[in-house]
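One structure is given here, and the rest of the page talks about it.
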Amino acid sequence: MAGPTRASGHPDYSSSSSSGFIQEVWSGKMIEKLYQRTVFAEISNTDYEGEIKNQGDTVQIRTTPSITINDYEIGGGLNYEKPTSDKVELQIDRAKYFAFEVNDVDAYQADIQLMDNWSDDAGQQMKIAIDKVILGESYADAAAENAGATAGAESGGYNMGEAGAPVAVNKTNILDVIVDCGSVLDEQNVPDENRYIVLPAWANGMLKKSDLRDASAMGDDTSVYRNGKVGMLDRFMVYVSNNASKVVDGTTGRQATNIIFGHKKALTFASQMTKMENLANPSDFGELVRGLNVFGFDVIDPDAFGHLYAEKA
């Protein structure tokens, strides 16, 4: 009996075809897929996630006021101030979705858990999409003193690069560049712990070729799977990611990368998978699978967040 025909654009997962005397057999396993590393969960905090239900929700974040210190004179009395706690609003104003269909004939004849496997892939692709948004936009929110050719809140003596003049990074100077990033944070009184820097693959390669000699010494056997963690260097946890913002500099005509560094408290992130549904396909046999993820992010402490504009030398 002839099997069902297949509409244009729908791949054939069935095992009904054969070639010569060798019958087609479907494996119960699938080739492992290689995913881009994502780092947003490692470099941001989710302290203010709260109860997020829908796109458009707002998370209210209170800030600690700065208390004034005054000179004391005997008999001079005391002046009492009324500190106010300003608030930062984290808008949950982003949303991404996935949607795919699984045909009953495909699922049966392929003899593998297609929906589970494809749902896992959708989850990984969702992380990558969110990572690209965060790394591609957040660098612009760094404090002015933590970016540009005269970075440094106290000295103004560190070149973090600027449009038309990216920092040229090679294996000889990359360690100095990373140390300068640390010094920029030092001048903002940023704590030593929980610092990070996210390097593109080319900069990570430079690091391995540098005077660090054995870059594998930075490795961490307990690194989280797919988080791009490389190791510790000058108080920075170093991550590598291909999701950083890359641009062609308008002056040099060469590709430059927007590299972010900072303290984990600086960048906050909130996310919620608000919808995850399996539906009967109304126009065919099988099921429809779809998911909606709402999220928001914000640099709530720009002083603890830096931007390095660099190119491969």
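The values are calculated or read from the model by the stated rules, or taken from the named source; none is laboratory data. These numbers come from a predicted model, not from an experiment. Cβ atoms come from the backbone with ideal geometry, glycine included; neighbour counts cover every protein chain shown. For the accessible areas, the whole protein counts, side chains as well, though only heavy atoms, and no ligand, DNA or RNA atoms are used. Shrake-Rupley method; radii C 1.70, N 1.55, O 1.52, S 1.80 Å.
Observations on the structure shown:
- For the stretch 290-303, the condition of being closer than 30 Å to I61 by Cβ, β-branched (V, I, T) and part of a strand (DSSP E or B) holds for at least one residue.
- Of all residue pairs spaced 6 or more apart or on separate chains, those with beta-carbon atoms under 7 Å, a first member in the stretch 35-58 that is over 13 Å from D298 (Cβ atoms) and a second member that is crowded, with 18+ Cβ neighbours inside 10 Å and acidic (D, E) are T38/D131; V39/D131.
- Whether a residue is in a strand (DSSP E or B) and at pLDDT 95 or above was assessed, and A310 passes this test.
- In the set V289, V294, only one residue is under 23 Å from Q91 (Cα atoms), open to solvent by less than 20 Å² (accessible area, probe 1.4 Å) and modelled with pLDDT under 95; that residue is V294.
- Residue that is modelled with the highest pLDDT [pool: residues in the stretch 192-224 that are assigned to a loop (DSSP other than H, G, I, E, B) and farther than 24 Å from A41 by Cβ]: S210
- When P282 is tested against (1) over 30 Å from P166 (Cα atoms); (2) in a strand (DSSP E or B); (3) not aromatic (F, W, Y), only condition (2) is not met.
- Scanning the stretch 265-279 for residues that are buried (at least 18 other Cβ atoms within 10 Å of the Cβ) and outside any strand (DSSP E or B) yields a single hit, A266.
- The number of residues in the stretch 52-70 being in a loop (DSSP other than H, G, I, E, B), surrounded by 16 or more Cβ atoms within 10 Å (Cβ to Cβ) and among the aliphatic types (A, V, I, L, M) comes to 1.
- Candidates in the stretch 233-263 are the residues that are of a type in the set (V, I, T) and part of a strand (DSSP E or B); of these, the one that is most open to solvent (accessible area, probe 1.4 Å) is V248.
- Looking at the stretch 71-177, the strands (runs of 3 or more DSSP E) lying wholly inside it that each contain 1 or more residues that are closer than 23 Å to K264 by Cβ and either open to solvent by less than 30 Å² (accessible area, probe 1.4 Å) or not basic (K, R) (or both) sit at 87-91.
- Filtered residue count, the stretch 19-51, keeping only those that are open to solvent by less than 60 Å² (accessible area, probe 1.4 Å) and either touching a Pro at 6+ places or on another chain (Cβ under 8 Å) or modelled with pLDDT of 85 or more (or both): 7
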